[in-house]
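Data first, discussion second: the structure below is written as structure tokens.
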Amino acid sequence: QVQLVESGGGLVQAGGSLRLSCAASGGIFAINTMGWYRQAPGKQRELVAVIISGDSANYADSVKGRFTISRDNAQNTVYLQMNSLKPEDTAVYYCYARETTGLRYWGQGTQVTVSS
């Protein structure tokens with residue numbers, strides 16, 4: 001069983017930056033993908049960025065050029081550096097991990113609020 005613990009959310013003004021962290025523990029040996037999804041009020045959960053074994057990363061078009069995902073394999077931690085934040089980035093951000101079997105795990109979520 002994998003546990004994901006997120007940190008780093010908060011309130012920031014438009015144009016500001018935040019860095020999210022997600023530490024994985026438990027049966028992490030089978031994880032090949034980690035990343036971030038977000039869900040704004042009244043909207044579906046959507047992919048923000050994921051990083052796959054070998055450091056191949058995918059981003060949502062809405063965050064390309066502003067957000068950077070990275071992974072520290074030694075610390076079993078994935079990061080999301082968010083720059084040039086916009087009010088439309090306001091959402092609950094969820095850490096995500098997927099095993100090679102396809103089994104998926106979610107963190108508890110961390111709130112990011114961007115004020116205009």
Revision key, fill the gap. Taking Lys and Arg as +1 and Asp and Glu as -1, residues besides ASP55 with C-beta under 15 Å from its C-beta add up to 0
Check your understanding: Hey, what's the chain come to in accessible area per residue, 1.4 Å probe, Å²?
Key -> 52
Review point. Roughly how big is the chain's charge dipole about its Cα centre, with Cβ charges of +1 (Lys, Arg) and -1 (Asp, Glu), in debye to the nearest 20?
Key: 140
Check your understanding: Could you give me the ³J(HN,Hα) list for the stretch 69-77, computed from phi with Karplus coefficients 6.51, -1.76, 1.60 and θ = phi - 60°, whole Hz, x at Gly and Pro?
Key -> 9, 8, 9, 10, 5, 5, 9, 6, 10
Exercise for review: Quick one: which residues, 5 or more positions from THR90 or on another chain, have an amide H under 5 Å from its amide H? H modelled 1.01 Å from N in the peptide plane, none for Pro or chain starts.
Suggested key: VAL114
Practice item. Could you look at the chain and say what percent of its accessible area is carbon and sulfur, using a 1.4 Å probe and all protein chains? Key: 47
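The values are calculated or read from the model by the stated rules, or taken from the named source; none is laboratory data. These figures come from a predicted structure and were not determined experimentally. Every residue, glycine as well, gets a Cβ built from its backbone with ideal geometry; the counts of neighbours run over all protein chains shown. Heads up: the accessible areas ignore ligands, DNA and RNA and are worked out on the full protein's heavy atoms, side chains in. Shrake-Rupley method; radii C 1.70, N 1.55, O 1.52, S 1.80 Å.
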